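Have a look at the structure below, then the notes.
The values are calculated or read from the model by the stated rules, or taken from the named source; none is laboratory data. Small disclaimer: the values here were computed from a predicted structure and weren't measured. Here the Cβ positions follow ideal geometry from the backbone for every residue, glycine too, while neighbour counts run over all protein chains shown. The area values use the complete protein model at the heavy-atom level, side chains included, leaving out ligands, DNA and RNA. Shrake-Rupley method; radii C 1.70, N 1.55, O 1.52, S 1.80 Å.
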Amino acid sequence: MRTISCILAAALATPLLSYAAESKPLLLNGEYELVSLKQAGKAIKLDAKQRPSLQVGEDGRVSGFAACNRFNGQLQANPLKIGPLATTRMMCAPAQMQVETAYLQVLQGAEQLQLHKKGQVLRVKDGQGGELRLQRTPAVRTAELWVGPETKPCSAGVMKMDCLQVKTSATGEWENFYNSIAGFQPEAGKSYRLKVKIEKVANPPADASNLRYSLIKVLEQQ
């Protein structure tokens, strides 16, 4: 059975709201970032800097970033249906394409949408062991980034570039950073810990990130 329900806490088993066929998905309105992904019951690793996103409008329109390409489509409440989704047609690294394929497959096969934790977490299930867990994101937030002393060759679609090596915690793994950080000019051979501002970009170009990073402060430099 395909359903859309709102649950204020994960512990509650009874949905507090189910949308009728004519209802707009008002409580779903907003933007979300993918924090975990399963396809057919198997967890798929996400790149911290290339996480898929989802935006839900008051009129049921959906759009977002799927790890390589951007997409848009329509959310129907009853019976639940997301799509068909139209996407741009870039090719990216195999790992990005794996995430994108699984993400879009679960979205378009969605049989259940649930809001948890006072509307901050959205879970999407497809009935075949596929599951998305998305976190509602504010328009502007701050974060700490660790930047390594060297860049590495990488590709964003067909474009070849040198990526900063970044991690989001002191003990995390280094990952390619496909974006730029406004106001930050690293010196080769030096490592940094930064405080940055992250802002959402409305309607970015098809080959661009939907996030803008700006330097607030250099916390450490080695």
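Where does the Debye-calculated log10 I(q)/I(0) of segment 39-81 sit at q = 0.25 Å⁻¹, using only Cα point scatterers of equal weight, no solvent?
Normalising to I(0) and taking log10 leaves -0.92.
Run through segment 52-105 and list the trypsin sites (Lys or Arg not before Pro) located in a DSSP loop whose Cβ has at most 15 other Cβ atoms within 10 Å.
When the trypsin sites (Lys or Arg not before Pro) of segment 52-105 are filtered for loop state and at most 15 Cβ neighbours within 10 Å, 89 remain.
Pop out the carbon and sulfur fraction of the accessible area of the chain as a percent, whole number, probe 1.4 Å. Walk me through the intermediate numbers first.
Details: 6120 of 11970 Å².
Whole-percent figure for carbon plus sulfur exposure: 51.
Apply 1/(1 + (r/R0)^6) to the Cβ-Cβ distance of residue 120 and residue 173, taking R0 = 25 Å, and write down the FRET efficiency to the nearest 0.05.
Calculated value: 0.45.
Checking the cross-link filter: which aspartates and glutamates have an alpha carbon closer than 20 Å to that of residue 190, excluding same-chain neighbours under 8 positions apart?
144, 150, 162, 173, 175, 220
What's the percent breakdown of Cα-Cα distances in the chain across 10 Å bins, shortest bin first?
Calculated P(r), rounded to whole percents: 8, 32, 33, 19, 7, 1.
What does DSSP give for the chain in terms of the percent of beta bridges that are antiparallel, rounded to the nearest 5? Display every interim value, and only then the final one.
Details: 63 of 69 bridges.
The answer is about 90 percent antiparallel.
Residues of segment 75-102 with amide nitrogen under 20 Å from the 7 Å Cα-to-Cβ point of residue 152?
92-100
Solvent-accessible area of residue 192, probe 1.4 Å, all protein chains present, reported in Å² to the nearest ten, please.
Looks like 20 Å² after rounding.
When the Cα atoms of segment 66-127 are enclosed in a convex hull and the volume is divided per residue, what value in Å³ results? Walk me through the numbers on the way to the answer.
Values: hull volume 5.8 nm³, N = 62.
Residue-normalised Cα hull volume stands at 93 Å³.
Using a probe radius of 1.4 Å on heavy atoms only, what accessible surface per residue do you get for segment 112-222? Whole Å² is fine.
57
Which angle between 0 and 90 degrees, to the nearest 10, do you get for helix 94-108 versus the longest principal axis of the chain when only C-alpha atoms count?
In the chain, helix 94-108 runs at an angle near 20 degrees to the longest axis.
At 0.36 nm per residue, and after removing the present C-alpha to C-alpha distance, how many nm does the segment from residue 222 to residue 101 gain when stretched out fully?
Values: separation 121, 0.36 × 121 = 43.56 nm, distance 3.95 nm.
That pair, residue 222 and residue 101, stretches by 39.6 nm at full extension.
Among 38/160; 42/167; 152/217, which pairs are too far apart, with a Cα-Cα distance over 26 Å?
Beyond 26 Å: 38/160.
Under the rule of at least 5 residues apart or a separate chain, name every residue whose amide H is placed under 5 Å from the amide H of residue 181.
Under 5 Å from the amide H of residue 181 lies no amide H from a residue far enough along the sequence or on another chain.
Note down the nm distance, to one decimal, between modelled labels 7 Å out along Cα→Cβ at residue 191 and at residue 89.
Label-label distance for residue 191 and residue 89, simple model: 4.5 nm.
Which value in nm describes the separation of the simple spin-label points at residue 161 and residue 133, placed 7 Å from the Cα toward the beta carbon?
Taking the two extended label points, one gets 3.0 nm.
What is the ratio of the Cα radius of gyration of segment 93-222 to 2.2 N^0.38 Å, where N is its residue count, to two decimals?
In units of the 2.2 N^0.38 Å rule of thumb, it is 1.23.
Can you compute the modelled spin-label distance between residue 140 and residue 29, with each label point 7 Å from Cα toward Cβ, in nm?
Inter-label distance under the simple model: 2.1 nm.
Based on DSSP H runs of at least 4 residues, each adding -39500 (n - 2.57), what is the mean residue ellipticity at 222 nm of the chain after dividing by all its residues, to the nearest 500 deg cm²/dmol?
Calculated mean residue ellipticity at 222 nm is -2000 deg cm²/dmol.
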